[in-house]
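Taking it in order: structure first as structure tokens, then the write-up.
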Amino acid sequence: MKKIILILAIISYALYSNASTGHHTSIKSDSAGVSKKLNDLNSKMTDLKTQLTKIQNQLPTDSAKYQDLLSRSLDEQKKSKDYAKDAVGGDVSAAKKAEKQAKKASDATDDANDAKKQFDKDKKKIKSLTKDIQKTQGKIDKLNSQSSQ
């Protein structure tokens, strides 16, 4: 009976000492894991901010391009309307000129629409990146508060 109690005491002590050493290792690995996550999140934050800056710098250019193409489109449409009026009572060459001008107006309108889509896409991307930056900053703050405890 004494041998069994002695063996149980030795096994209990061995398990206890392994558990306490494992605990310290887990704290160190948790700290390393938090540090790695923080580094990854900081890297992601830098990337997001770089993308945001790039798009914000591109937005005025896209806006100016859209305004210019919209103005050209309106001018081409006005010319097309004038050529079409001339073609109604005119000859075949006037009709061909009107057709050619209508094609130019259509192309100019397509270009303006494409520029508008790009401008809208950039604005949407800015909103998305801003939201992602806020989420990432929240995660960084949470990890920082956990690691300081």
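Numerical summary
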| item | result |
| --- | --- |
| Members of region 30-45 that are closer than 24 Å to residue 131 by Cβ and among the small types (Gly, Ala, Ser) | 43 |
| Test: residue in region 92-104 that is under 30 Å from residue 47 (Cα atoms) and hydrophobic (A, V, I, L, M, F, W, C) | no |
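We did not get these values from a lab; they are worked out from the coordinates using the rules stated. Computed from a prediction, not measured in an experiment: that's the story for all the values here. Every residue, glycine as well, gets a Cβ built from its backbone with ideal geometry; the counts of neighbours run over all protein chains shown.
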